[in-house]
Amino acid sequence: MDYWVGITDHDWFESLRRRQPDEVNFWQPSKRAPRKMEAGWPFLFKLHAPLNCVVGGGFFVRFTALPCSLAWTAFREKNGAANLGELVQRVARYRKAPQTPGTMIGCNVLTDPFFFDEDQWIPIPRDWSPNIVRGRTYDTATDTGDALWQAVVDRLMTRVQATPVEEPRFGEAYLARARLGQGAFRTLVTDAYHRQCAVTGERSLPALEAAHIRAHSAEGPNRTHNGLLLRADIHRLFDDGYVTVDPDLRFVVSRRLHEEFENGRVYYALDGRPLANVPDRLTDQPGREFLEWHNSEVYLG
């Protein structure tokens, strides 16, 4: 089994250790992916020198590049920063130049993170080169890689009262069972819809939002097939029931929009049209059961 050991700073780690979140954004100042990884890969945290120890980890969901502002919107304090300003300042420190909320950063989205207390930190293997700046892959088929992974598993078993730690599943098998958070949901939906509004094809990323079809508060899952990427105004109308998407993937506008607000011309022009943009993979496209729920429970037909 391959896994990744990524380098991070103590402030990021300590901020998240205190919060114990359900997911984290292991961000990096470069928008280039560290390497190709499948969903489900273990992703361990190693602190910068001189604190050369593995101190925790998580499980890889997706790599994507986002401006700092949208990374903050998706993950907030799960970025390991107290606010957007602090996130931008940390990026500037790494890039050694002033940055803005629009600066693009690389986002490694991780779920089920774990954080070790200092007495459980694991010294990095002797073959770790001081020239490594982002991280490296280990393989449990090697003695070194297996020893490090077993040290991690031993600590995790202690934390969950000796419950066996499952061998990770990878790719779609992992995503199908993983406990995805809101940030992972937003990231997966945004990328599945090619960063374009499902209804209009709008590409201005700051204007787009990942919408649950069946509301999360109504036990709707954080899954791509329960999501639509919508322009912010259409998202609001969708959540309020003035528009919907029918099971045939057509956009539908309620007559109540005109009756109650004497307006809506721009939306009625889209009424009855097929969605302008849907995910490539059938498993990512809107689930019929979720669309039927929205049509019957939310839509003001």
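The values are calculated or read from the model by the stated rules, or taken from the named source; none is laboratory data. Quick caveat, the model's predicted, so the values are computed rather than measured. Positions of Cβ are backbone-derived with ideal geometry, glycine not excepted, and every protein chain shown enters the neighbour counts.
Numbers for the structure displayed
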quantity	calculated
Residue in the range 264-271 that is free of Cβ contacts under 8 Å to residues at least 60 places away in the same chain and within 29 Å of the chain's Cα centre (by Cα) present	no
Filtered residues of the range 118-151 (kept if among the charged types (D, E, K, R), surrounded by 11 or more Cβ atoms within 10 Å (Cβ to Cβ) and either at pLDDT below 95 or part of a strand (DSSP E or B) (or both))	Arg134, Arg136, Asp139
Qualifying positions in the range 88-99 - closer than 17 Å to Thr73 by Cα and in contact with a Ser or Thr (Cβ under 9 Å, 6 or more places away or on another chain)	Val88, Val91
Boolean, Leu16 is assigned by TED's automatic domain parsing to the domain that holds Phe116 and at pLDDT 95 or above	yes
Subset of the range 91-117 (residues that are free of Cβ contacts under 8 Å to residues at least 12 places away in the same chain and not hydrophobic (A, V, I, L, M, F, W, C))	Arg93, Lys96, Pro98, Asp117
Odd one out for Phe13, checked against (1) part of a strand (DSSP E or B); (2) closer than 30 Å to Asp154 by Cβ	(1)
Which numbered condition Ser69 fails, given (1) touching a helix residue (DSSP H, G or I) at 6+ places or on another chain (Cβ under 6 Å); (2) small (Gly, Ala, Ser); (3) closer than 18 Å to Ala207 by Cα	(1)
Residues that are surrounded by fewer than 19 Cβ atoms within 10 Å (Cβ to Cβ) and more than 19 Å from the chain's Cα centre (by Cα), drawn from the range 201-216	Gly201, Arg203, Ser204
Residue tally, condition at pLDDT below 95 and farther than 27 Å from Arg195 by Cβ, over the range 266-301	1
Which listed residue, of Asn222, Asn277, is under 30 Å from Tyr174 (Cα atoms), part of a loop (DSSP other than H, G, I, E, B) and touching a Gly at 6+ places or on another chain (Cβ under 6 Å)	Asn277
